[in-house]
Amino acid sequence: MSEPLIAVAMSGGVDSSAVAGLLRREGKRIIGMTMQLWNQRRLPELQVEGATGRCCSLDDVYDARAVAAVLGIPYYVVNFEDRFEREVVQPFIDEYLAGRTPIPCTLCNNYVKFDKFLEMAEGVGAETVATGHYARLEQNQATGRWEMRKGVDESKDQTYFLFGLKQEQIARTLFPLGGYTKPEVRRLAAEMRIPVAAKNDSQEICFVPNGDYAAFIEAYFREKGINPRRTQGEIVSTEGQVLGEHSGVHHFTVGQRKGLGIAKGEPLYVIATEPASQRVIVGRNDDLMRASLTATGVNWISIDSPASPIRVQVKIRNKHVAAGATITAGSDGQTVEVRFDEPQRAVTPGQAAVFYDGDRVLGGGWIE
Amino acid sequence: MAHYFDHNATTPVSAEVLEAFVPMLSGSFGNASSIHAFGQEARQKMEAARREVAELLGCDPKEIVFTSGGTEADNLAIFGVLRREGLAGRHIITTAIEHPAVLNTCIELEREGAAVSILRVGSDGVVDPDDVRRTLRPETVLISVMHANNETGAIQPLTEIASLAREAGALFHSDGVQAAGRLPAKVRDLGVDLYSISGHKLYAPKGMGALYVRDGVKLHPMLFGGRHERERRAGTENAPGAVALGAACAWINHNVHEEGARLDGLRDRLEQGIQQRVPHVRVNSASAPRTPNTTNIEFEGIEGEALVIALDLAGFAVSTGAACSSGAVQPSHVLTAMGRSAAEAKATIRFSLGRSNDAAQVDALIDAVRASVSRLRKLSPTYSHV
C-alpha cells in the first residue's frame, strides 16, 4: 500500500501555501485543491477596484495553481458554490435580518471545509485533509479523544471559528501551522520559494467586498429579484422613548456606536435589536454589560459535556479576551449557561461563546 | 504510467507529424512569401501540405485558408460572412450545443447589432432540421452547426441543413473540429460552404488550424496586414504548422476508415464494460450517430469532478464537460441543452479515445471506473440504490 494521500485546501494565500510546502518537504504524498465558493462575477455593483475581501477570485486560483506548480503537486479546483450559498451565504443573510450578528467562517468550517471538502477528499482517495488554520490538534493517548489547543501565535489563533468540529472530522484533519507564528510561516514560505510568501492576509468576510455586509445583502436581494421583508423600524431608548427611525435591523450589531444618526449628550450604543418589532434599542455603555448568557447548539471538543458546573474562560467574539466564568451544561449537553465572574460588554446574539481551559478548547455554542 | 482518454481535449503530436514538422523549424525555415530559394522551399512544402488538407476535406487546395487554430477558423467564418456588409437586419442561426468559439462569436455579433437564433437540440443531442427550417428568415445570411459535438460525439444532420441553407440563399458553416480525422469529412458531400478544423485534435501541434472556404464565397478579413492566404488571412504563414497539419491529414487520408473502426470497437468495449459492471449509468446520445471515439456517460449520484480527480490520481485522464477558465466545473451547456438537470450534467464524464489506446488500457479503465464510482457512491448523499 502506498503512502496515504493528503488533500491540502489551498486558497492561494500564504498560510495554506505554506502547509502544502511543509508537507511536501516532509515527503508526504499530497494534492492541492481550491474550493470555488463564490462567483465574483455576481453582484457586479459591489465590485470596485481595490476592494478587500475577494474570496475565490480568479487571481487567487491562479496563485494557488502557481504554488502547486512550484511544488510539483497535482492540483484541482472544485466547485462548491451551490453548497456555500446554501449553507453559508443564505444563513448569514437570514441571521442579519433576524437582528443577529452571524459568523460565516464558522458555518463554512462546519458545513463546507470540514464536511463537503472532507467528503470530496475521501471520494478522490485522500483520507486526510490539511488546512492553514492556526490551531493545534492532538489525540489524548489515554482516552483516545481528540483535543484542540490554540495556535502558538495567539494573535492569529483561529480556534474561535473551529468550535463546531466533531471528533470524526478532527481525526481526519491536520493543522500543520498550529505550532508556528505568522512571521515564521512567511519566512518558511519564502525559504521554500513559494510565490505568495509576501501576499497580504485576507481580511474580513471573504465574500463581502470591503466588509460592507449591508450593501451585500441588498445587492443579493436585488439579484434574486426578491423584496426583502421590511426591517426598518424605530430607534428606542432603554426607557422606551422613541429617538428616531432606522433603515433596517441588519445595519446594526450589539455594541455599535456609529451610524445611529442620533445626536444626544452622551454616547449611545446599540444594546439590542428586537426582530419581532424591528426596533433597535440604544443606551449607555453601562447598559451593554451582561453577567450571563445562554449558548445553544453546543459542541464539545476536548472534553465530554461536564456533569457539574466547571470553571473556564469564555470568548464571546474573536477579538475578545477570554473572561473567567462558570459554565453549567444542560442534561443533553447542547445548551450551556455561562455566568461570568465580571460582567462582559456587548454579548451579541449570533456570535459564538467558546470555552477554554488555558489554551485547550473545551467546546462552544451559539449565543442566544 | 498514466493512460490518456481525453483525445477530444487534445492529442499528442504523432511520430510522422513530428518528422515533417521539426525540419521546417531550422532547415526549411524560409518565409513562404519570399522570392528566393529559401522562401520557395518553405512555400513548396506548405502547398504540398495544403493539398493533403484539401484531400481530407475533398476540396480544391485554394479553398483552404490556414489559421492559428479552430477558434480563429470559426471566428473568420462567422465574422467574415457577417461583416461583409452592415450587421443591422442580418440574421444568424446556430445551436445551443456549439463550442464557445462559435457561440460567443455569435453572441458578440448580436451585441454589435445582428439577430441571432440559438436552436435547442433533442434529448439525444441532435438538432432537428425542421427547427432550422422554421427559424429561417429572408434576412438569414448564415447558419452555423457543428459537425460532431465535442462532449457527446453526436453527429449533426449537415446534409439536410445544407439543402435548407441553399434553398434559403444562406451560407452554411460547420465547426468540424471534432469530426475531421474521426469521420469522413468531404465538404462537397456535406454541402457546407465553410468548415473549420483544428490541428491539435488530429495529432498536429497546437496553434494550427484551417478553414475551408468554398470557391466564390467572399469573407471580410479578421486580420489586416500583408496579402497572405489570398488576402483572406494576413500574417506570415506558419509554414511549419501547415506542414505538420498536412502530415496529420496525410496519415488520416490513409487510415481514417481502419482507425475509425478500431476506435469504434474500443469505444463499444468501454461502454459495454461500464454498463455491465457499474449499475445506474446512462450513455448520452446513445441513440444518435456518433464519432467513433467518444462516449459520454452519466453516473447517477456522483459528482463528475470528483470522479475525474479520482481517476486522474489512479492514472487515467478523462474529462467532465468543458472546463471553464478558472478550472472549476460548471454544468455542461451541451447536456443542459439536451434537457439534463444540473445534477445530471455534473454527474457526467466524457471518455474520448485515440491512437494510443488499446484493449488492455480500456479494461484497466473499466476497473478503475468501477472502483472509483463505487467509493464515491458510498459517500454520496443523493445516491439511492445502496
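Residue check, B:P279 against (1) touching a strand residue (DSSP E or B) at 6+ places or on another chain (Cβ under 8 Å); (2) farther than 26 Å from B:S14 by Cβ, all met but one. Which one?
Only one criterion is unmet by B:P279, namely (1).
Right, A:G233: among the small types (G, A, S) and farther than 20 Å from A:N285 by Cα or not?
yes
Of all residues in segment B:309-318, count the ones that are in contact (Cβ under 8 Å) with a residue 12 or more places away in the chain and either buried (at least 23 other Cβ atoms within 10 Å of the Cβ) or in contact with a Leu (Cβ under 7 Å, 6 or more places away or on another chain) (or both).
The qualifying residues number 4.
Quick one: which strands (runs of 3 or more DSSP E) lie wholly within segment B:146-248 and hold at least 3 residues that are among the hydroxyl-bearing types (S, T, Y)?
Qualifying strands (runs of 3 or more DSSP E): B:194-198.
When segment B:264-308 is examined, which residues are found to be surrounded by fewer than 19 Cβ atoms within 10 Å (Cβ to Cβ), of a type in the set (D, E, K, R) and closer than 24 Å to B:Q330 by Cα?
B:R282
Looking at A:I235, A:I217, A:I226, which is the one that is β-branched (V, I, T) and assigned to a helix (DSSP H, G or I)?
A:I217 is the lone residue from the list that is β-branched (V, I, T) and assigned to a helix (DSSP H, G or I).
As an exercise: evaluate A:T296 against (1) surrounded by 15 or more Cβ atoms within 10 Å (Cβ to Cβ); (2) assigned by TED's automatic domain parsing to the domain that holds A:G358; (3) β-branched (V, I, T) and give the number of the one condition it does not meet.
So the condition that A:T296 fails would be (1).
Find all pairs meeting these conditions: Cβ atoms under 9 angstrom apart; at least six residues apart or on different chains; first residue within segment A:346-367 and under 16 Å from A:G151 (Cα atoms); second residue assigned to a strand (DSSP E or B) and of a type in the set (S, T, N, Q).
Every condition considered, the pairs that remain are A:F355/A:Q313; A:Y356/A:Q313; A:D357/A:Q313; A:G358/A:Q313; A:G363/A:N299.
Taking B:P381, is it within 14 Å of chain A (Cβ to nearest Cβ), of a type outside the set (D, E) and part of a loop (DSSP other than H, G, I, E, B)?
yes
Exactly one of these conditions fails for A:S292: (1) under 30 Å from A:V242 (Cβ atoms); (2) at pLDDT 95 or above; (3) not in a strand (DSSP E or B). Give me its number.
Failing condition for A:S292: (3).
Restricting attention to strands (runs of 3 or more DSSP E) lying wholly within segment A:100-150, give those where 3 or more residues are buried (at least 19 other Cβ atoms within 10 Å of the Cβ) and away from chain B (no Cβ under 14 Å).
It comes to A:135-139, A:146-150.
Which condition does A:F207 not pass, out of (1) in the same structural domain as A:D60 (by TED's automatic domain parsing); (2) in contact with a helix residue (DSSP H, G or I) (Cβ under 6 Å, 6 or more places away or on another chain); (3) of a type in the set (A, V, I, L, M, F, W, C); (4) closer than 30 Å to A:H251 by Cα, if it passes all the others?
Checking A:F207 against (1) in the same structural domain as A:D60 (by TED's automatic domain parsing); (2) in contact with a helix residue (DSSP H, G or I) (Cβ under 6 Å, 6 or more places away or on another chain); (3) of a type in the set (A, V, I, L, M, F, W, C); (4) closer than 30 Å to A:H251 by Cα, the one that fails is (2).
Filter segment A:1-39 down to residues that are without any contact (Cβ under 8 Å) to a residue 60 or more places away in the chain, assigned to a loop (DSSP other than H, G, I, E, B) and not basic (K, R) and give me whichever is farthest from the other protein chains (Cβ to nearest Cβ).
Among them, the one singled out is A:E26.
Among the candidates A:Y96, A:Y134, which residue alone is out of contact with any strand residue (DSSP E or B) (no Cβ under 9 Å at 6 or more places or on another chain), over 23 Å from B:K378 (Cα atoms) and in contact (Cβ under 8 Å) with a residue 12 or more places away in the chain?
Checking each option against the conditions leaves just A:Y96.
The values are calculated or read from the model by the stated rules, or taken from the named source; none is laboratory data. These numbers were taken from a predicted model, which means no experiment stands behind them. As a convention, Cβ positions derive from the backbone with ideal geometry for all residues, glycine included, and neighbour counts pool all protein chains shown.
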